[in-house]
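Got a structure here, written out as structure tokens. Questions coming.
Every read-out reported here was derived from the displayed coordinates using simple, explicitly stated rules and does not represent laboratory data. All figures in this text were calculated on a predicted structure; none of them were measured in a lab. Cβ sites come from the backbone with ideal geometry, for glycine too, and all protein chains shown count toward neighbours.
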Amino acid sequence: MKSIPVYKFSRFKYGAELLIDVIDYDRIRDGVRVTPVFSESFYSVTLVLEGDDEVSVNGQSLRVRRGTVICSIPGEVWTFGEEPKMDALNLIFEKEFLLSFFIDPHFLDQFGYLQSDRSSPFLQADEATLQRLLTLYREMRAEITDYEQKDHHILRAMLYETLMLLSRVPTVEPAERAVLQRSMQDIPVSRYMDEFTALVRDHFREEHSTAYYAGRLCITPNYLNKIVQRSLGKSAKVYILEQLMAEACRLLRYTTLSVNEIADQLHFESTTYFVRLFHKYIFQTPLEYRSKNMQSPEK
């Protein structure tokens, strides 16, 4: 099977790290023409302003129109027709952008339209709701592009409002569910990914090894790595480490736990190893990160 391109979030597109963006489809339409089948490693919520295009997400297809909202989660496969023409704004974000503020690791679970077991990736907003969403998208884009210092709190507040508003928008059931020809081998891949991400969400603090999760899924570590690489564009180990680093950042920002206590809480073999790993992925020591990002402690 031909490999599917996986697009990753450009974290430093605007200089300092920013894990949210709003993109006009005019800027990516040429890329979609060249690569009409692709996957993404981040959350994506596309607001269709005009169009009559056939779009598929994970094998579920719909002819979109004004007010259609296309929701996808990391690892899902998009398919466009030969000549995409729709006018749309695409809101993309990494889970870490919200979780570093809202603290609850299951925060996104409340939004059914962002879950892997949802009945459809498509919503259909009425005109009033479309206008409210469009205002939020444009305000987020202005905050991202017009200000040298992006205010993450303002952006999180607008993203949260957008997600809550989308919870009221009705789902559209696709007429077709098999635009992509998925082999029998693809079915367990999807199931394994769902189970893997759920296991990591529940156990990443104490279980860091790929072997642990492979064992829970009754598959080999090599096969698990292939599945995760294919779906998310990264290895299982890197995915686990990303959850650990996001949690470490949260604890440094919102608690008064010492670096030793955080290393112990996250079950690192030593504080020295934790500090070295943190610096490798965040490009700062834990204390440097805390001094620049410290917020009010948790209560």
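Label points 7 Å out from Cα along the Cβ direction at residue 116 and residue 30: separation in nm?
With each label placed 7 Å out from Cα toward Cβ, I get 3.6 nm.
Still on this structure: Tell me, what is a quarter of the convex hull surface for the C-alpha atoms of region 19-77, in nm² with one decimal?
4.1 nm²
On to the next question. Give the residue from 232, 277, 254 lying farthest towards the positive end of the charge dipole for the chain; charges sit on Cβ (+1 for Lys and Arg, -1 for Asp and Glu) and the dipole is referred to the Cα centre.
Comparing the listed Cα positions along the dipole, 277 ranks first.
What does the convex hull of the Cα atoms of region 186-293 come to per residue, in Å³, rounded to a whole number?
Looking at region 186-293, the number lands at 98 Å³ per residue.
Could you tell me which of 286, 25, 108 has its Cα farthest along the dipole of the chain towards the positive end, charges placed at Cβ (Lys, Arg +1; Asp, Glu -1), taken about the Cα centre?
Sorting the options by dipole projection puts first 286.
Order these peptides, 228-235, 29-36, 217-224, 16-23, by their mean beta-carbon neighbour count within 10 angstrom, highest first.
228-235, 16-23, 217-224, 29-36
Scan the chain and note any complete DSSP helix (H) whose C-alpha atoms cover at least 24 Å along its axis and whose Kyte-Doolittle average is -1.0 or more.
127-146, 186-203, 236-254
Further, regarding this structure: Go through 4-14, 83-93 and give me the packing order, highest mean Cβ count within 10 Å leading.
83-93, 4-14
In terms of the Cα gyration tensor, with a ≥ b ≥ c the square roots of its eigenvalues, is region 6-172 rounded because a/c is under 1.5, prolate because a/b exceeds b/c, or oblate?
It is rounded, given that a/c, with a ≥ b ≥ c, falls under 1.5.
To continue, here is another question. At 1.306 mPa s and 10 °C, plugging the Kirkwood radius over alpha-carbon pairs of the chain into Stokes-Einstein gives what diffusion coefficient in µm²/s?
78 µm²/s
Quick one: which of 206-215, 41-50, 272-281 comes out on top by average Cβ neighbours within 10 Å, and what's the full order, highest first?
On the way: 206-215: 16.8, 41-50: 21.0, 272-281: 15.1.
The packing order, highest mean first, is 41-50, 206-215, 272-281.
How much net charge surrounds residue 157 when only other residues with a Cβ under 14 Å from its Cβ are counted (Lys, Arg +1; Asp, Glu -1)?
On the way: positive: 150, 156; negative: 139, 143, 151, 161.
That sum, taken over residues with Cβ under 14 Å, equals -2.
To the nearest 20 debye, what is the magnitude of the charge dipole of the chain about its Cα centre, counting +1 on the Cβ of each Lys and Arg and -1 on the Cβ of each Asp and Glu?
Working: 36 positive and 42 negative charges, 121 e Å.
The calculation lands at about 580 debye.
I've got another one for you. Determine the calculated [θ] at 222 nm for the chain from helices alone, applying -39500 (n - 2.57) to every DSSP H run no shorter than 4 residues and normalising by the residue count; nearest 500 deg cm²/dmol.
Mean residue ellipticity at 222 nm (helix-derived): -14000 deg cm²/dmol.
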